[in-house]
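Colleague: For reference, the structure I am asking about is given below.
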Amino acid sequence: MAENIRMDSHKLIYHPDVVARWMKGENIYPIELEIGLTNACNHRCIFCAVDYTGYQPDKIDSKLLVDNLKELASKGVKSIIYAGEGEPLLHKEAPDIINRTKSLGIDAAMSTNGVLLTPEVSRECLGSLTWIRFSVAGITNETYDNIQRSRHGDLDKVLYHMEEAVKVKQEQKLHTTLGVQLLLLPDNKDEIVQMGEELRKIGVDYFTIKPFSQHPQSQHILQVDYKEMLALEKEVKDLQTDDFKVYFRAHSMQKLECKRGYKQCLALPFMVYIDAKGNLWPCIVFMGKDELKYGNLNEESFVDIWEGKHRKEIVDYFMNMDLEKNCRELCRLDEMNKYLDELKHPGGHVNFI
């Protein structure tokens, strides 16, 4: 179930029709949206990228969102990740929004800390999710509580909710991929093998270990040297079975030492971020900088914003931006940008295949 998900790469190769229209200069619609259902969160993780937003209790209007999704389904949007600034399940209508998304023909996924993914919630909406990813920072209460700054006992809840999600998946004969993500830090590096063993026993589909990437606006400044942690890959990957995959993202860790080989963020049209206030952003790195937002769903429809003059001006601005000075390390668009840059600037022998 967790095979071929290209964790450290991109999937534009599966959408050649959209890429071809982009190459012709057409105003394509995003393939994927990420949506923050709420800015509220029940944890205060030490690595939180969007701590600067202040964890306000904003939540997106579900009717407004679904009305826009109805139109976007016909415009070619393929998927939505419900994640964003806060914990998506703090939005009480999250299960219904997920179900409505799938009913419109758009694939849905969710990233969650898992505390609120009760068995009842799993039974209600797990079948509408292509994948769900639990963000878990450790397998002992001390490590987990110190990193996620959670309520004591939350880890036990999360592990129980994973077990129940596995049961729901089996009972309902679902194809939902159940994954767990750990952000590797000096504080939890000695627990990843133990954590992998526990997750394999629970029955999730995969365990991914990723590096920390500094958000330019975050108030949390962490210095992590991954050179000494790369040796952990073999030990944790030895836990793999046919039914349990381990993704140790060494490639991403090594990229922290490299500069971008492209000058423009060409991938902007393929993804967009919508926050809990209904703002559309080129990406989450620039959330909060009002001069760089595309627009707001409370004022205009997604289609009007996307096809409007202002968004074009923002994209033009980004095409002239110094990426090394302004963008985040390990940007989610990085692999797509490498691919698109190569398409835009092919070598001289491309016809000799």
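The values are calculated or read from the model by the stated rules, or taken from the named source; none is laboratory data. If you're wondering where the values come from, they're calculated on a predicted model, not measured in any experiment. As a convention, Cβ positions derive from the backbone with ideal geometry for all residues, glycine included, and neighbour counts pool all protein chains shown. Keep in mind that these areas ignore ligands, DNA and RNA; they rest on the heavy atoms of the full protein, side chains included. Shrake-Rupley method; radii C 1.70, N 1.55, O 1.52, S 1.80 Å.
Colleague: How large is log10 I(q)/I(0) at q = 0.24 Å⁻¹ when the Debye formula is applied to the Cα atoms of region 198-281, each weighted equally and without solvent?
Modeller: At q = 0.24 Å⁻¹ the computed log10 ratios are -1.13.
Colleague: Considering only Cα-Cα distances, which of the following residue pairs are longer than 26 Å: K70/K277; K102/K344; K24/K312; K70/K289?
Modeller: Pairs exceeding the cut-off: K102/K344; K70/K289.
Colleague: Working only with C-alpha atoms, what are the Rg and Dmax values of region 1-86, expressed in angstrom?
Modeller: Rg and Dmax of region 1-86, Cα atoms, are 16.5, 45 Å.
Colleague: Could you tell me the largest-minus-smallest coordinate of the C-alpha atoms of region 146-239 on each of the three principal axes, in descending order and whole angstroms?
Modeller: In descending order, the Cα extents are 44, 32, 24 Å.
Colleague: For L104, tell me the accessible area in Å² from a 1.4 Å probe, rounded to the nearest 10.
Modeller: For L104, solvent-accessible area is about 50 Å².
Colleague: Mind checking the dipole of the chain: about its Cα centre, +1 per Lys or Arg Cβ, -1 per Asp or Glu Cβ, Debye to the nearest 20?
Modeller: That gives the chain a dipole magnitude of about 700 debye.
Colleague: Over the chain, with every protein chain in place, what whole percent of the accessible area is carbon and sulfur at 1.4 Å, could you tell me?
Modeller: 47 percent
Colleague: Which listed residue (I13, L64, S252) has the Cα farthest towards the positive end of the charge dipole for the chain, taking +1 on Lys and Arg C-beta and -1 on Asp and Glu C-beta about the Cα centre?
Modeller: Result: I13, furthest along the dipole toward the positive end.
Colleague: Relative contact order of the chain: what whole-number percent is it, with Cα pairs under 8 angstrom and at least 6 residues apart?
Modeller: 19 percent
Colleague: Where is the GNM fluctuation largest for the chain (alpha-carbon springs, 10 angstrom cutoff): M23, M271, M162?
Modeller: Of M23, M271, M162, the Gaussian network model singles out M23 as fluctuating most.
Colleague: I would also like to ask the following. Taking the convex hull of the alpha carbon atoms in the chain, what volume per residue do you get, in Å³?
Modeller: Output value, Cα hull per residue: 148 Å³.
Colleague: Assign unit charges at the C-beta atoms only (+1 for Lys and Arg, -1 for Asp and Glu), then state the dipole size of region 226-353 relative to its Cα centre in Debye, rounded to the nearest 20.
Modeller: In total the dipole reaches around 300 debye.
Colleague: Which of Q240, W281, N298 sits closest to the plus end of the dipole of region 199-327, meaning its Cα is farthest towards the positive end, when Lys and Arg get +1 and Asp and Glu get -1 on the C-beta?
Modeller: Q240
Colleague: Using the C-alpha gyration tensor of region 1-152, what are the square roots of 5 times its eigenvalues, in whole angstrom, with the largest one first?
Modeller: They are 29, 19, 16 Å, listed from largest to smallest.
Colleague: With only alpha-carbon atoms counted, please give the Rg and Dmax of region 239-335, in Å.
Modeller: 16.7, 52
Colleague: Mind listing the long-range amide H neighbours of N113? Cut-off is under 5 Å, sequence gap 5 or more, other chains count too, H placed in the peptide plane at 1.01 Å from N.
Modeller: S135
Colleague: Run the reach check for K167 against lysines, Cα to Cα strictly under 18 Å, same-chain hits fewer than 8 apart removed. What comes back?
Modeller: Hits, sequence-local ones excluded: K157, K201.
Colleague: Follow-up question, since we're still on this one. Rounded to the nearest whole Å², what accessible area per residue is found for the chain with the 1.4 Å probe?
Modeller: Result: 48 Å² per residue.
Colleague: Can you give me the orientation-averaged projected area of the convex hull built on the Cα atoms of region 243-293, in nm²?
Modeller: Average of the hull's projected areas for region 243-293 equals 6.3 nm².
Colleague: Given charges of +1 on the Cβ of Lys and Arg and -1 on the Cβ of Asp and Glu, with all other atoms neutral, how large is the dipole of region 161-226 about its Cα centre, in debye to the nearest 20?
Modeller: 280 debye
Colleague: Same structure, new question: Within 10 Å of each candidate Cβ there may be at most 16 other Cβ atoms; applying that plus a DSSP loop requirement, which GluC sites (Glu not before Pro) in region 182-285 survive?
Modeller: Answer by residue number: E257.
Colleague: To continue, here is another question. How charged is the neighbourhood of D67? Take every other residue with its Cβ under 15 Å from the Cβ of D67, and add Lys/Arg as +1 and Asp/Glu as -1.
Modeller: That sum, taken over residues with Cβ under 15 Å, equals -3.
Colleague: Let me ask something else. Excluding residues on the same chain fewer than 8 positions from K227, give the lysines whose Cα lies under 21 Å from its Cα.
Modeller: K189, K210, K237, K255, K259
Colleague: Compute the Kirkwood hydrodynamic radius of region 74-122, taking the inverse of the mean of 1/r over all pairs of distinct Cα atoms, and give it in Å to one decimal.
Modeller: Hydrodynamic radius (Kirkwood, Cα pairs) of region 74-122 is 11.5 Å.
Colleague: Right, something else. For the residue pair K189 and D96, what label-to-label distance in nm results when each label sits 7 Å from Cα along the Cα-to-beta-carbon direction?
Modeller: 4.7 nm
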